[in-house]
Amino acid sequence: MFGWFGRKQPKRPSARIAESEASQMFRFQPRWKEELIVEIVGGTEGSFMLEIVGNPATVYLPTEPVWRARVPRWAQELWPQLHMELQSWCAGNRITLVVEANAQVY
């Protein structure tokens, strides 16, 4: 399904995507107990994983400088949009978002 920042071939967005999601760049899908799958939607798609742990749930996102140093070139400019959408998703799901340098991205 995905690897470390796996990329998929471009495809048309699904007609099932809600209108509110159509303007978003990311789709968030919690999986298992400590995985938050982040899919890039529209255009060239790809995915990666962030940590989601604890009770109450907490998502960890690397700081922007750490993000840029760890991810492939194609993903380096995505942090501001990811941060904004992840903040909104976390707030809507009553999940804490922590931005810290030692957060992992897979």
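The values are calculated or read from the model by the stated rules, or taken from the named source; none is laboratory data. Just so we're clear, the structure is a prediction, and the values are computed from it rather than from any experiment. These accessible areas exclude ligands, DNA and RNA; they are computed on the full protein's heavy atoms, side chains included. Shrake-Rupley method; radii C 1.70, N 1.55, O 1.52, S 1.80 Å.
Just a few scattered comments:
- Scanning the range 23-75 for residues that are open to solvent by 50 Å² or more (accessible area, probe 1.4 Å), modelled with pLDDT of 90 or more and of a type in the set (D, E, K, R) yields ARG27, GLU51, GLU64, ARG68, ARG70.
- Within the range 41-106, strands (runs of 3 or more DSSP E) holding 3 or more residues that are hydrophobic (A, V, I, L, M, F, W, C): 46-53, 96-99
- Residues in the range 79-94 that are of a type in the set (A, V, I, L, M) and open to solvent by less than 30 Å² (accessible area, probe 1.4 Å) were compared, and the one that is nearest to SER47 (Cα to Cα) is LEU82.
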